[in-house]
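Every number here is computed from the coordinates shown, using simple stated rules; none is lab data. For clarity, every value in this text was computed on a predicted model and none was experimentally measured. A quick note on method: Cβ atoms are made from the backbone with ideal geometry, for glycine too, and the neighbour counts reach across all protein chains shown.
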Amino acid sequence: MDFQTAFIHYIEAEKRYSPCTVKAYSSDLEEFVRYLQEHYQIEPPQAEREEIRSYVVDLVDQKFSASSIHRKMSALKSYYRYLQRNGFIATNPALKVPLPKIPRRLPVFVEESRMEKIEAVQVDEGDFTAYRNYLIIEMFYGTGVRLAELIGMMDEDLDTANRRVKVLGKRNKERIIPLTEQLVKDIEHYRTLRSQKAEAEQQAFFVTEKGQPMPRRTVYLIVKECLHLYTDLAKCSPHVLRHTFATHLLNKGADLNAVKELLGHSSLASTQVYTHNTIEKLKKDYAAAHPRA
């Protein structure tokens, strides 16, 4: 029986993992299968904890980052959990395998003063491409959505009358994010331009000049170019704007649980990392203002 194919079908059709996750898990499993065949001449269901631990050591020797190794092991744990639940193996050998520690890094974000400069840029309101690119930045910063969520937005998802957008997140979980009054105005103007300039009518909200859904890489490059112009950050990506959205909300006193819901996090632990940035800001404010600091 082809357990690997069955597992991939399971996470795609039943667990409804995102296409990116499915692709990554499939690649990780194929890599693991090759390792077992080359070093032990066995298939994954025959592997035990020692073989998996050896695989982790091999990844470390190949200079894979700790986060990459954790991701690969996440795929293996899910795979073996699937085999165990279906009675193909008795225990999950991927559990309790020692993994390298992931160094804690604070999320990179854009300072409020830099975002104000970006938002103050004068954009030709008759230029479809320029205005669309400007709105892409504003949507990332104004809603905190992920890249996949933004390019997956359908026109019907944006309800400007009620000032909200429906977002389809990881594992097809829906959430509602409010829209600011200014963002609503920008969306409506973009829709007007799109109907005049784009060559074909599409269901996707953000489209190319030919009316096709925006390619992932194109959106990434739009954000990267913008952030390089107005910040000195080494990392410039859509996720930086997501970090910026969360950090600025918390800096302004937003409730942590509310930010968790807006970001679509499954646990509060994922959101709490942003509180470290807030604490750093408090320390700076304290040092600058307190007479005895």
With R₀ set to 25 angstrom, the calculated FRET efficiency between the beta-carbons of GLU116 and HIS276, to the nearest 0.05, is 0.60
Rounded to the nearest 10 degrees, the helix 128-143 long axis (Cα) sits at an angle to the longest Cα principal axis of the chain of 70
Computed on Cα atoms, Rg of region 173-253 relative to 2.2 N^0.38 Å comes out at 1.31
Toy charge model, Lys and Arg Cβ at +1, Asp and Glu Cβ at -1: region 79-173 dipole around Cα centroid in debye, rounded to 20, equals 1280
Treating every alpha carbon of region 234-292 as one equal point scatterer without solvent, the Debye formula yields log10 I(q)/I(0) values at q = 0.15 Å⁻¹ of -0.49
XL table LYS173/LYS224; LYS224/LYS284; LYS224/LYS281; LYS166/LYS260; LYS15/LYS173; LYS224/LYS252; Cα-Cα > 19 Å flagged, in table order, is LYS173/LYS224; LYS224/LYS284; LYS224/LYS281; LYS224/LYS252
log10 I(q)/I(0) for region 52-184, Debye formula on C-alpha points only (no solvent), q = 0.09, 0.19, 0.21 Å⁻¹, two decimals, reads -0.51, -1.09, -1.21
At q = 0.13, 0.16, 0.19, 0.28 Å⁻¹, the log10 of I(q)/I(0) for region 206-251 from a Debye sum over equal Cα scatterers comes to -0.37, -0.53, -0.68, -0.98
Using the Kirkwood formula on alpha carbons, the hydrodynamic radius of region 127-189 in angstrom works out to 11.9
Computed over all unlike Cα pairs, the Kirkwood hydrodynamic radius of region 188-229 in Å stands at 11.1
Among PRO291, GLY144, PRO238, the residue whose Cα sits farthest towards the positive end of the charge dipole of the chain, when +1 is placed on the Cβ of each Lys and Arg and -1 on the Cβ of each Asp and Glu, is PRO291
About its Cα centre, region 237-293 carries a charge dipole, from +1 on Lys and Arg Cβ atoms and -1 on Asp and Glu Cβ atoms, whose size in debye to the nearest 20 is 200
Taking 0.36 nm per residue of separation between ARG175 and GLN46 and subtracting their Cα-Cα distance, the length gained on full extension comes to 42.3 nm
With Cα coordinates, the longest principal axis of the chain makes an angle with the long axis of helix 268-289, in degrees rounded to 10, of 50
Between the Cα axis of helix 19-39 and the main Cα principal axis of the chain, the angle (0 to 90°, nearest 10) is 30
If each part is reduced to its alpha-carbon centroid, region 201-247 and region 74-120 end up apart, in Å, by 23
To the nearest 20 debye, the chain has a Cα-centred charge dipole, built from +1 on Lys and Arg Cβ and -1 on Asp and Glu Cβ, of 1020
Of region 120-149, those with amide N under 13 Å from the point 7 Å along the Cα→Cβ vector of ARG217 are none
What helix-only [θ] at 222 nm does the chain give? Using -39500 (n - 2.57) per DSSP H run of at least 4, over all residues, to the nearest 500, the answer is -18000 deg cm²/dmol
The percentage of Cα-Cα pairs in region 137-271 separated by more than 27 Å is 19
Given all pairs of distinct Cα atoms, the chain yields a Kirkwood Rh in Å of 21.9
